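Peer 1: Structure below; questions to follow.
The values are calculated or read from the model by the stated rules, or taken from the named source; none is laboratory data. Just so we're clear, the structure is a prediction, and the values are computed from it rather than from any experiment. Please note: Cβ atoms are built from the backbone with ideal geometry, for glycine as well, and neighbour counts cover all protein chains shown. Only protein heavy atoms, including side chains, enter the accessible area calculation; ligands, DNA and RNA are left aside. Shrake-Rupley method; radii C 1.70, N 1.55, O 1.52, S 1.80 Å.
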Amino acid sequence: MNHSAVVAAIEAGVSEALHRPVTNLTDSTRLFEDLHLDSTTSLELLMAMEDAFGLLVDPETLDLDDFRTVGTFAAFVLRELAAQQGDGARP
């Protein structure tokens, strides 16, 4: 999985969560300030990533910093994918 594929999935997830098309996201697009996600829509976005990539995210691993921007969230998704595709163990 690559970064651009994850960003495309984030666009789809945000569009679904906000019930409107969201396009042209960049790594610096802020999820809360620019896109106006809230706690409910951010959880919907996380569930969309779980569905899109077959992730199982432990709520204990969530950090607000991972939800700052599209770039930080994409990096979080990629880390989760790598951890789950590796030996399955979490650091």
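Peer 1: Given the Cα-Cα distance of THR61 and ALA5 and 0.36 nm per residue of separation, how much length would full extension add, in nm?
Peer 2: Full-extension gain reported as 17.9 nm.
Peer 1: Angle check, please: helix 3-18 long axis (alpha carbons) against the longest principal axis of the chain (alpha carbons), in degrees 0 to 90, nearest 10.
Peer 2: Here the helix axis deviates by roughly 50 degrees.
Peer 1: Then there's this: Roughly speaking, to the nearest percent, how much of the chain's 1.4 Å accessible area is carbon and sulfur?
Peer 2: Details: 2850 of 5260 Å².
Carbon-and-sulfur percentage of accessible area, whole number: 54.
Peer 1: Shifting gears a bit: What does the accessible area per residue of the chain come to in Å², with a 1.4 Å probe and no ligands, DNA or RNA counted? Could you put the intermediate results ahead of the total?
Peer 2: Numbers: 5260 Å² over 91 residues.
Solvent-accessible surface per residue comes out at 58 Å².
Peer 1: What value, in deg cm²/dmol to 500, does the helix sum -39500 (n - 2.57) over DSSP H runs of n ≥ 4 give at 222 nm once divided by the residues of the chain?
Peer 2: Details: 3 runs with 47 residues, N = 91.
Mean residue ellipticity at 222 nm (helix-derived): -17000 deg cm²/dmol.
Peer 1: Could you give the size of the charge dipole of the chain about its Cα centre, using +1 on the Cβ of each K and R and -1 on the Cβ of each D and E, expressed in debye and rounded to the nearest 20?
Peer 2: Numbers: 5 positive and 16 negative charges, 43 e Å.
Roughly 200 debye for the chain.
Peer 1: Could you tell me which of LEU18, THR61, LEU46 has its Cα farthest along the dipole of the stretch 1-81 towards the positive end, charges placed at Cβ (Lys, Arg +1; Asp, Glu -1), taken about the Cα centre?
Peer 2: The residue sitting most towards the positive pole is LEU18.
Peer 1: Need one word for the chain: rounded, prolate or oblate. Basis is the Cα gyration tensor (sqrt eigenvalues a ≥ b ≥ c); a/c below 1.5 gives rounded, then a/b vs b/c decides. Numbers along the way, then the final one.
Peer 2: Working: a/c = 1.72, a/b = 1.57, b/c = 1.10.
The shape class here is prolate.
Peer 1: Where does helix 70-85 land angle-wise versus the long Cα axis of the chain, in degrees 0 to 90, nearest 10?
Peer 2: It is inclined by approximately 20 degrees.
Peer 1: OK, next. Counting Lys and Arg as +1 and Asp and Glu as -1, each charge on the Cβ, what is the dipole of the stretch 34-84 about the Cα centre in debye, to the nearest 20?
Peer 2: On the way: 2 positive and 11 negative charges, 35 e Å.
The dipole of the stretch 34-84 has a size of about 180 debye.
Peer 1: Output the 0 to 90 degree angle, nearest 10, between the alpha-carbon long axis of helix 39-53 and the longest principal axis computed from the alpha carbons of the chain.
Peer 2: 50 degrees
Peer 1: Give me, ordered by chain and number, the residues 5 or more places off ASP27 or on other chains with an amide H under 5 Å from its own placed amide H.
Peer 2: Amide H neighbours of ASP27, under 5 Å, 5+ apart: none.
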